[in-house]
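I have placed the structure first, in the form of structure tokens, so that the comments after it can refer back to it.
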Amino acid sequence: MRVRKRWVGSVVIGVVVLVFSTVILMLVGTRESEKAHVLSEPLVVSGNAKAASPIEDYRQARYLDAIRGLTYESGFVELDTNAQEVLGEGHAGEDVDALLERGAEQLEHNMVIEALETYTLAALVDPTAASAYEGLGRAFVTKGKTENAIASFRTTLRVDPILTEARYRLGAAYWMQGDFQEAVDTWQEVVDLDSNHARTHERLAIALYYMSDYQGSWQHVHAAEALGYEVPPQFRPLLEAQMAEP
């Protein structure tokens, strides 16, 4: 009887040991599986940094290549150290008028990078070509490169100060950048040079409204309308809510 009890007790102990060992092995296996899973996951870098895609890298390289030969750091467009190298690539004898015509056509068809490259070549071939800088400014605005656009329009006006359309576009670029007073001052220069520039009167009317100069805003509303240029229909009620029409 004692032998039977002893045998039963050994069996129970064996079963307990077996179960306990199985549980331990399961836990170890789970831990190893979790460890392998963690090691197999890609590293996550903290912050919002995101690697550029090959397409983005290509576009940036293409953009930088298109404007090679000119620099914009001084606030004006100037030749940089690559200018002679670019001209030496078979562009020195190109016809400026043909380049300007090509750039305008490319910009019209929204070929912005191509237009930047063409207008850059035009400026390199003839640094006194005001239209080349104006074309660059328009292309940079389309590209969203406001600082370069401002430098381009400023250079246009340094070459030819009476180009009112370039001055108008300079004011618009200042406004896009958030330099509101610079924009208003530049647009005021436009109407001082050409009081019939109706689009500038409209821009001044809206700009002065947002700057709380309602009297000045009304003056430019009337000037624009006298030239046959209607301000946006929703604008008049907004202005009337702030000041009755004089």
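The values are calculated or read from the model by the stated rules, or taken from the named source; none is laboratory data. Model, not experiment: these values are computed from the prediction. Counting neighbours? That spans all protein chains shown, and the Cβs are built from the backbone with ideal geometry, glycine included.
Taking each residue of segment 180-207 that is under 19 Å from A149 (Cα atoms) and looking for partners that are crowded, with 23+ Cβ neighbours inside 10 Å and among the polar types (S, T, N, Q) with beta-carbon atoms closer than 7 Å, six or more apart or interchain, yields W187/T200; V190/T200. Taking the criterion of being more than 24 Å from L157 (Cα to Cα), in contact with a Phe, Trp or Tyr (Cβ under 9 Å, 6 or more places away or on another chain) and β-branched (V, I, T), the residues of segment 189-234 that qualify are I206, V221.
Listed residues R138, R158; which is among the basic types (K, R), closer than 28 Å to L64 by Cβ and in contact (Cβ under 8 Å) with a residue 40 or more places away in the chain?
R158
Whenever a residue of segment 71-95 is closer than 14 Å to Y119 by Cα and of a type outside the set (D, E, K, R), its partners that are modelled with pLDDT of 90 or more and in a loop (DSSP other than H, G, I, E, B), lying with C-beta atoms within less than 8 angstrom and at least six residues away or across chains, give the pairs T71/V77; T71/D80; L79/G69; L79/P127; A83/G69; V86/R68; V86/G69; L87/G69.
Among the residues of segment 66-125, the one identified as assigned to a loop (DSSP other than H, G, I, E, B), loosely packed, with under 15 Cβ neighbours inside 10 Å and aliphatic (A, V, I, L, M) is A92.
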